[in-house]
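Student: This is the structure, below, for whatever I ask next.
The values are calculated or read from the model by the stated rules, or taken from the named source; none is laboratory data. Bear in mind that the values here come from a model prediction, so they are computed numbers and not experimental data. Neighbour counts run over all protein chains shown; Cβ positions are idealised from the backbone, glycine included. Keep in mind that these areas ignore ligands, DNA and RNA; they rest on the heavy atoms of the full protein, side chains included. Shrake-Rupley method; radii C 1.70, N 1.55, O 1.52, S 1.80 Å.
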Protein chains: 2
Amino acid sequence: MIIILVEPQLGENIGAVARVMKNFALSDLRIIKPRDGWPNKKANIMAVGAVDIIEAAKIYDDLPAALEDVEKLYAMSARVRALNKKFINLHNFYKECENPAKTAIMFGRENNGLSNEEISYAQKVITINTSNFSSLNLAQAVGIFCHGYYEKLYQTDKIVKNNDANATYAELNNFLQHLEAELDKKQFFRVEEQKPSMLNNMRSIFNKANLSSQEVRTLRGMNESLTKTD
Amino acid sequence: MIIILVEPQLGENIGAVARVMKNFALSDLRIIKPRDGWPNKKANIMAVGAVDIIEAAKIYDDLPAALEDVEKLYAMSARVRALNKKFINLHNFYKECENPAKTAIMFGRENNGLSNEEISYAQKVITINTSNFSSLNLAQAVGIFCHGYYEKLYQTDKIVKNNDANATYAELNNFLQHLEAELDKKQFFRVEEQKPSMLNNMRSIFNKANLSSQEVRTLRGMNESLTKTD
């Protein structure tokens, strides 16, 4: 996936774009006439660990030069305007994108976006749904785009390993029986007929917590401590 | 949906957070101890047209104070650590979020995120999948979160009503403080240095259980009963 910035004004934004691209495994950054020239110190500072993206960025004098090897160009625009263009949302873009390495998304200037001429190079316009206050920062727009794309690529959940073993039902039931016995001793269950439903509630509370073995031991320890009489 | 920033360092980031929140129709911003004090001129400048969000932001001295009316708290974290917490991705968060007005997402410091104690207040941890270069800028993380939430709002219409009211953090903390006091009386915390991490574990156990107000009352009743001496 290729990210094209058309005449970006602030080096900070270029740096932030590079950083968020790298967060989501993108690296092909192309810039048309950055306002403050190139290289740009502020871009490097804001890129933090993504200076490699900044250093590899390609700089062009005009849009067509940046498109030589591009198969499909999409324009990102907040405003839906009276252009004879198809507007699609992010979701549909991800669905239809077939050859990411040859697909480019262009983002306009911070103050006034893309010109109609620039948009005329695009096959479609992508919009990000916003509230009526629709003034997304340039790097935010790129970030939302890149994140969505990355999610599409890796739709599966990361597998999160937890070192602490889950409590078995035996451990939990053991604890609950112990708790019940203690509560019995203290006449907690005043109305005998209500005891089963109260036990259900107790069981439910501790089952919902998805406890580890260690946590069940902690709870046991707490109960033993609470019922201690010295 | 409530956005909580825990000790944010840069006013610029706070402003960028406000701006992107407004783009996606969120407005409840809470800040725990902003490093450079409050109000912060840089935050106002970066917020652009979202100064209203900055001006309405609530400032707190500690996390529990910000949670009084919150029913569910999620922590946003890039790192998956060995905590006994459930990690979910954004998609699953949007699916399970039932009462956005009482749901808060907390984001940590720019340089070192959230502490284990802070995370112990959360029911689950949300992660944003990234490449190995996982250093998302604070405002980018908030932006990605808010955008996804906004998209979800306008895609689904299911509101799941639960008859039994969720416990607020005030109710749960009340119970936990009571429990801590009782355990103190019984010398449960034998090694003073271990007390904070034991308290984190306790808090974590009961936060994971996603308790209703009624369930918290049941737990209180059980504790009172267990500590009774006749």
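Student: For region B:95-145, name all the residues that are within 14 Å of chain A (Cβ to nearest Cβ) and closer than 19 Å to B:LYS22 by Cα.
Tutor: Our first condition is that a residue be within 14 Å of chain A (Cβ to nearest Cβ); within region B:95-145, this holds for B:95-96, B:110-111, B:116, B:119-120, B:122-145.
Of everything in region B:95-145, those that are within 14 Å of chain A (Cβ to nearest Cβ) and closer than 19 Å to B:LYS22 by Cα turn out to be B:ASN137, B:LEU138, B:ALA139, B:GLN140, B:ALA141, B:VAL142, B:GLY143, B:ILE144, B:PHE145.
Student: Where residues in region B:52-75 are of a type in the set (A, V, I, L, M) and open to solvent by 40 Å² or more (accessible area, probe 1.4 Å), which of them is farthest from B:GLY108 (Cα to Cα)? Step through it out loud before you land on a result.
Tutor: Step one: list which residues in region B:52-75 are of a type in the set (A, V, I, L, M), which gives B:53-54, B:56-57, B:59, B:63, B:65-67, B:70, B:73, B:75.
Still in the list and also open to solvent by 40 Å² or more (accessible area, probe 1.4 Å): B:56, B:59, B:65.
Numbers: B:ALA56: 20, B:ILE59: 15, B:ALA65: 16 Å.
Going through the qualifying residues, I end up with B:ALA56.
Student: Going through region A:189-215 one residue at a time, which ones are out of contact with any strand residue (DSSP E or B) (no Cβ under 8 Å at 6 or more places or on another chain), at the interface with chain B (Cβ under 9 Å from one of its Cβ atoms) and either open to solvent by 20 Å² or more (accessible area, probe 1.4 Å) or in a helix (DSSP H, G or I) (or both)?
Tutor: Scanning region A:189-215 gives A:MET198, A:ASN201, A:MET202, A:SER204, A:ILE205, A:PHE206, A:ASN207, A:LYS208, A:GLN214, A:GLU215.
Student: Hey, any hits in region B:12-35 for a residue that's away from chain A (no Cβ under 13 Å) and of a type in the set (S, T, N, Q)? Before you say what the answer is, go through the steps one by one.
Tutor: Within region B:12-35, the subset away from chain A (no Cβ under 13 Å) is B:14, B:28-35.
With the extra rule that they be of a type in the set (S, T, N, Q), the set shrinks to none.
Taking every residue of region B:12-35 in turn, none turns out to be away from chain A (no Cβ under 13 Å) and of a type in the set (S, T, N, Q).
Student: Let me ask you something else. Residue by residue through region A:79-100, note down the ones that are open to solvent by less than 70 Å² (accessible area, probe 1.4 Å) and more than 20 Å from A:MET1 (Cβ to Cβ). Lay out the reasoning, then the answer.
Tutor: At the first step, the residues of region A:79-100 found to be open to solvent by less than 70 Å² (accessible area, probe 1.4 Å) are A:81, A:83, A:85, A:87-90, A:92-94, A:96-97, A:99-100.
Of everything in region A:79-100, those that are open to solvent by less than 70 Å² (accessible area, probe 1.4 Å) and more than 20 Å from A:MET1 (Cβ to Cβ) turn out to be A:ARG81, A:LEU83, A:LYS85.
Student: Please go through region B:30-51 and give me each residue that is touching a strand residue (DSSP E or B) at 6+ places or on another chain (Cβ under 8 Å), open to solvent by 30 Å² or more (accessible area, probe 1.4 Å) and β-branched (Val, Ile, Thr), ordered by number.
Tutor: None - no residue of region B:30-51 is touching a strand residue (DSSP E or B) at 6+ places or on another chain (Cβ under 8 Å), open to solvent by 30 Å² or more (accessible area, probe 1.4 Å) and β-branched (Val, Ile, Thr), so the list stays empty.
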